[in-house]
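> The structure under discussion is supplied below as structure tokens; questions concerning it will follow.
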Amino acid sequence: MADEYVVERVLVVVAHPDDVDFGAGGTIATFTEAGLEVSYCIVTDGDAGGFDPDVPRDQIGGIRQAEQRAAAKAVGVEDVVFLGYPDGALEVSLQLRKDISRVIRQKRPHRLLTQSPERNWDRIYASHPDHMAAGEAALCAVYPDARNPFAHLELAQEGLDAWTVGEVWVMAGTGGGANRYVDVTDVFDRKVEALRAHESQTAHMDDLEGMLRGWLGLNAHAGGLLDGRLAEAFRVLDTR
């Protein structure tokens, strides 16, 4: 950015528990280590997830909420909000935009980190429809909704003043036009710890650490980092 933009508070908006930890867990650890105040807004409870058929489906949402809170603590985050939308059925509705705008006005972040609303043609698994819907709704909430005092008038009636998020970080993976690479080599163990906390999602993975090193190594190479380094990739937008 052309001039220095001071960031003290960060809000993460993602579709499911574990999304932030797969896409940006190391980066979040660097944020909290730098003294930034980070909050999570998880749009669904991940109630369509899990791999154990013996776990009653009506218990999955609560299990995944607890896992996300534990994962958040592993990277220094205590504030986790769940919006409770149904997993697998997320749409870019006006209601979702309003609910995310509410959280933005409550938390008043300087930086918002979210998922890409665009399909990743290099790796389709990154483009779950819920991911794209959450990213699009979050961007709509950043601009124009949360900053417009005349949008979602009921939020003003709740005492929530308009708030402008000045910077958005979009999780870019390995092929989404990244322009920022965060070296997470020194906090990689915290990313792994966070993902291990999502036991219902990762317990069956025989080589989670190897998979992550492969992904993050590709990012580091794309970002011009030294061999052996690990990085997470983002598209950073100036939204002031």
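> What is the ratio of the Cα radius of gyration of region 120-213 to 2.2 N^0.38 Å, with N the residue count, to two decimals?
Working: Rg = 18.0 Å, N = 94, 2.2 N^0.38 = 12.4 Å.
Scaled against compact globular proteins, the figure is 1.45.
> Among all the aspartates and glutamates, which ones have a C-alpha under 15 Å from LYS98's C-alpha, if same-chain residues fewer than 8 places away are not counted?
Candidates past the 8-residue exclusion: GLU136, ASP145, GLU154, GLU158, ASP161.
> Note down, for region 47-163, the three equivalent ellipsoid semi-axes (square root of 5 times each alpha carbon gyration tensor eigenvalue), biggest first, whole angstrom. Could the numbers behind the result be given before it?
Details: eigenvalues 146, 66, 42 Å².
Here the semi-axes work out to 27, 18, 14 Å.
> Let me ask another. Under a 5 Å amide H to amide H cut-off, with H placed in plane at 1.01 Å, what residues pair with CYS41 once short-range neighbours are removed?
Here the answer is VAL12, VAL13, VAL14, VAL81, since their amide H atoms fall under 5 Å of that of CYS41.
> Follow-up question, since we're still on this one. For GLY46, which sequence-distant residues (separation of 5 or more, or a different chain) have an amide H within less than 5 Å of its own amide H, given hydrogens modelled in the peptide plane?
Excluding prolines and chain starts, which carry no amide H, the hits are ASP87.
> Compute the distance in nm between two label points, each set 7 Å from the Cα along the Cα-to-Cβ direction, one at ALA34 and one at ARG119.
For ALA34 paired with ARG119, the spin-label model returns 3.4 nm.
> Could you name the aspartates and glutamates in cross-link range of LYS73, using Cα to Cα under 17 Å and dropping any fewer than eight places away on the same chain?
Here the aspartates and glutamates satisfying the reach criterion relative to LYS73 are ASP18, ASP19, ASP21, GLU33, GLU37, ASP189, GLU193, GLU199.
> Please go through region 71-156 and write out the chymotrypsin sites (Phe, Trp or Tyr not before Pro) that DSSP classes as loop and that have at most 10 other C-beta atoms within 10 Å.
Working: sites: PHE82, TRP121, TYR125, PHE150; in loops: TRP121, PHE150.
The qualifying sites are TRP121, PHE150.
No lab work stands behind these numbers, since they all come straight from the coordinates. Predicted model only: the values in this text are computed from it and were never measured. Backbone-built Cβ (ideal geometry, glycine too); neighbour counts: all protein chains shown.
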